[in-house]
Amino acid sequence: MEQAFSFRRFGYALGAMVVVLVLGTLGFHAALHESWLQSFYRSVVSSSLTGLDTTPPNDSSRLLTIVLVLAGITIFAYIGSLLVEAIARGVIGGMWADRRRRRAIEALRDHYVICGFGRVGRRVAEEFRHAGAQFVVLDFSEEAKEAAAEVGALFVEGNGTDDDDLREAGLERARGLIAASDDDADNLYIALSARAVKSDLFIVARASNEEAAKKLRLAGADRIVQPYQAAGQVMANLTLRPQVTAFVDVVTTASGTDLRFEEIEVTDACGKGGKSIRDLDIRRQTGALVVALRKRDGTFDTTPTPEAVLDVGDVLIAAGTEQELRGLEGIFAPRETVADR
């Protein structure tokens with residue numbers, strides 16, 4: 001609000017200068033009977049304090065010149081005070097910072113958009129940071145803006161239900177979207193808006209109950225997370241199978257140990273479709289272990305044997321260190337990318 005008020009006062013000062021120039025031109029034209037251009041010239045050089053070519057020939061033109069000089073001094077002093085105030089408040093610095101932020105977002109590709117930066121959204125952002133994933137936060141609250149600034153996250157002040165705000169966050173170039181608002185209706189509209197902007201976007205949405213989850217699936221969300229249900233499952237598993245649950249939690253958390261889980265899709269470009277795990281010698285070549293296969297029809301092979309054939313569209317679920325998983329990604333990288341290296 002303060003910044004907008006400063007710009008409004010600056011506009012008033014410019015308006016006052018225009019009025020002074022117009023009145024000065026009219027006055028000189030009436031007093032000296034000179035051309036309009038000459039009268040305007042006298043008005044400009046008098047009010048802008050740049051001096052006069054000649055001394056005004058009569059008293060009325062001299063008085064008008066004095067008034068214009070005093071008005072010019074007053075207006076320029078006022079404009080100068082506004083500029084100093086704007087710099088002191090960081091308005092100009094804020095404009096440059098906003099420009100850098102926009103350029104940074106425009107440069108992003110295959111990033112993620114987090115809509116809603118409450119407790120869930122902030123936790124998602126923390127995991128993304130640990131995993132090295134790029135993301136943009138989209139929220140309208142001042143608290144969310146301050147929280148994003150604390151962690152240095154790219155922030156767009158707006159609403160995830162607005163197509164223009166989604167585009168400003170780079171949704172058309174994004175890989176996925178997280179609808180993490182505390183309100184189910186907001187998440188529903190966010191999912192609908194995001195799907196309308198980009199049909200192949202991967203959307204993960206938060207739901208408070210099963211009824212909301214069903215509607216979110218109809219709205220186009222690919223995955224639904226119910227925090228209360230998930231918390232209940234984790235608490236039950238920690239009680240019944242504490243070590244198994246602790247292990248899974250460690251390997252699926254980006255800030256955990258060196259052991260990681262990763263998913264890698266078998267694409268046509270990698271040229272590995274139709275080959276078996278044994279043919280590719282994955283374990284010896286990379287050290288990573290293929291623990292499951294998600295087939296194209298959505299079913300899972302949870303105990304793939306070395307003879308399991310990898311078809312285009314299958315997704316490998318692998319475990320290993322970061323280095324081992326990077327090696328596995330190299331095997332399934334597009335052939336032209338490998339050749340370029």
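The values are calculated or read from the model by the stated rules, or taken from the named source; none is laboratory data. Keep in mind that what you see is a predicted model, and the values were worked out from it rather than measured. Neighbour counts run over all protein chains shown; Cβ positions are idealised from the backbone, glycine included. For accessibility, only protein heavy atoms count, side chains too; no ligands or nucleic acids. Shrake-Rupley method; radii C 1.70, N 1.55, O 1.52, S 1.80 Å.
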Carbon and sulfur %, accessible surface of the chain computed with the full protein complex present, 1.4 Å: 57
Beta bridge orientation in the chain: antiparallel %, DSSP, nearest 5: 45
Could you run the Karplus curve 6.51 cos²θ - 1.76 cosθ + 1.60 with θ = phi - 60° over the range 303-315 and give me ³J(HN,Hα) per residue in whole Hz, x for Gly and Pro? 9, x, 8, x, 7, 4, 8, 9, 9, 4, x, 5, 10
Would you pull out the residues with amide H under 5 Å of Phe155's amide H, same chain only if 5 or more places away, H placed 1.01 Å from N? Val137
Linear extension gain, Arg102 paired with Val244, 0.36 nm per residue minus alpha-carbon span: 46.7 nm
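Leu23 to Leu49: extension gain in nm, 0.36 nm per residue of separation minus the Cα-Cα distance?
On the way: separation 26, 0.36 × 26 = 9.36 nm, distance 1.63 nm.
Length difference between fully extended and current span is 7.7 nm.
When a/c is below 1.5 the answer is rounded, else prolate if a/b is larger than b/c, else oblate, so apply that to the chain with a ≥ b ≥ c taken from the square roots of the Cα gyration tensor eigenvalues.
Judged from the Cα gyration tensor, the chain comes out prolate (a/c at least 1.5, a/b above b/c).
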Assuming R0 = 25 Å, can you tell me the calculated FRET efficiency for the pair Asp110 and Met235, based on Cβ-Cβ distance, to the nearest 0.05? 0.10
Taking amide H positions as placed 1.01 Å from N in the peptide plane, with prolines and chain starts having none, which residues 5 or more places from Leu177, or on another chain, fall under 5 Å of its amide H? Val113, Phe202, Ile203, Val204
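What relative contact order, as a whole-number percentage, does the range 182-239 give when Cα pairs under 8 Å and 6 or more residues apart are counted?
This gives 33 percent for the range 182-239.
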For a quick protection proxy, order the peptides 236-247, 195-206 by their average other-Cβ count within 10 Å, most packed first. 195-206, 236-247
Considering only protein heavy atoms, what per residue accessible area in square angstrom results for the range 248-317 with a 1.4 angstrom probe? 57
For the range 99-155, using Cα atoms only, the Rg and Dmax in Å read 10.6, 28
Would you please give the residues with an amide H less than 5 Å from that of Ala292, counting only those at least 5 places away or on a separate chain, with H modeled from the backbone geometry? Ile317
Between Arg335 and Arg129, what length comes free when the chain is fully extended (0.36 nm per residue of separation minus the Cα-Cα distance, one decimal in nm)? 71.2 nm
Compute the distance in nm between two label points, each set 7 Å from the Cα along the Cα-to-Cβ direction, one at Val67 and one at Glu265. 7.5
Taking the Cα atoms of the range 261-341, what is the range of coordinates along each of the three principal axes, in descending order and whole Å? 34, 26, 20
